[in-house]
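> Here's a structure for you.
The values are calculated or read from the model by the stated rules, or taken from the named source; none is laboratory data. Computed from a prediction, not measured in an experiment: that's the story for all the values here. Virtual Cβ from ideal backbone geometry, glycine too; neighbours counted across all protein chains shown. Side chains included, ligands, DNA and RNA excluded: accessible areas come from the protein's heavy atoms. Shrake-Rupley method; radii C 1.70, N 1.55, O 1.52, S 1.80 Å.
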Amino acid sequence: MVKLKSLFVWGGASSSAPRSLRVFANRDDLDFDNVTDAEPTQEIELVMHEQPPEYAVRTAKFNSTRSLTLHVPDNFGADQTTVYYLAFRGEWTEMSDAPVVSVYEMKPNVADHKTKNESLAHHSIM
């Protein structure tokens, strides 16, 4: 799992460079048929530049990123879109494969919960 902080997208300084980028976090259901109608996690307006610029993302929305889907809907006017460089910056954390075991009680039983001072368990307050 990754806490994504920024990404680099560079298409050069020509009209074939991507103009905008739609980023989807943890969406495995997207394909070319439904990506245009889906709500992205973040939309980024890109610029033409001689070097790859860094684009910050909203870190709160990308805290536990398992997968990213990137959609480039348009460019600066060319027939085809060119991406020369794509990079990501963030912090990696190991995913736990162990299941989480928890117990929920609908009606707690006081006898199940031992205290250091047993006299407090039977004390009534009026």
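> Is there a residue being modelled with pLDDT of 95 or more, surrounded by fewer than 17 Cβ atoms within 10 Å (Cβ to Cβ) and of a type in the set (A, V, I, L, M, F, W, C) anywhere in segment 5-21?
Yes, segment 5-21 has at least one match.
> To continue, here is another question. Within segment 49-57, does at least one residue satisfy the condition of being among the small types (Gly, Ala, Ser), surrounded by 13 or more Cβ atoms within 10 Å (Cβ to Cβ) and under 23 Å from the mean Cα position of the chain (by Cα)?
No, there is no match, as no residue in segment 49-57 is among the small types (Gly, Ala, Ser), surrounded by 13 or more Cβ atoms within 10 Å (Cβ to Cβ) and under 23 Å from the mean Cα position of the chain (by Cα).
> Let me ask something else about it. Exactly one of these conditions fails for LYS61: (1) surrounded by 12 or more Cβ atoms within 10 Å (Cβ to Cβ); (2) assigned to a loop (DSSP other than H, G, I, E, B); (3) out of contact with any Leu (no Cβ under 7 Å at 6 or more places or on another chain). Give me its number.
All conditions are met except number (2).
> While we're here: Would you pick out the residues in segment 94-115 that are more than 30 Å from LYS3 (Cα to Cα) and either open to solvent by 90 Å² or more (accessible area, probe 1.4 Å) or at pLDDT below 70 (or both)? Steps first, please.
Kept after step one, since they are more than 30 Å from LYS3 (Cα to Cα), are these residues of segment 94-115: 104-115.
Within segment 94-115, TYR104, GLU105, MET106, LYS107, PRO108, VAL110, ASP112, HIS113, LYS114, THR115 meet the criteria.
> Conditions first: (1) hydroxyl-bearing (Ser, Thr, Tyr); (2) in contact with a strand residue (DSSP E or B) (Cβ under 7 Å, 6 or more places away or on another chain); (3) open to solvent by less than 60 Å² (accessible area, probe 1.4 Å). THR82 passes all but one, so which condition is the exception?
Of the numbered conditions (1) hydroxyl-bearing (Ser, Thr, Tyr); (2) in contact with a strand residue (DSSP E or B) (Cβ under 7 Å, 6 or more places away or on another chain); (3) open to solvent by less than 60 Å² (accessible area, probe 1.4 Å), the odd one out for THR82 is (2).
> Now for a different question. Cβ contacts < 6 Å: first residue within 17 Å of MET48 (Cα to Cα), restricted to segment 67-79; second residue open to solvent by 60 Å² or more (accessible area, probe 1.4 Å), any location; separation 6+ or different chain. Result?
What qualifies is VAL72/THR81; ASP74/ARG19; ASN75/ARG19; ASN75/THR81; PHE76/ARG19.
> Out of segment 22-34, which residues are closer than 13 Å to VAL72 by Cα and surrounded by 17 or more Cβ atoms within 10 Å (Cβ to Cβ)?
If the condition is that a residue be closer than 13 Å to VAL72 by Cα and surrounded by 17 or more Cβ atoms within 10 Å (Cβ to Cβ), then ARG22, VAL23, PHE24 are the ones that fit.
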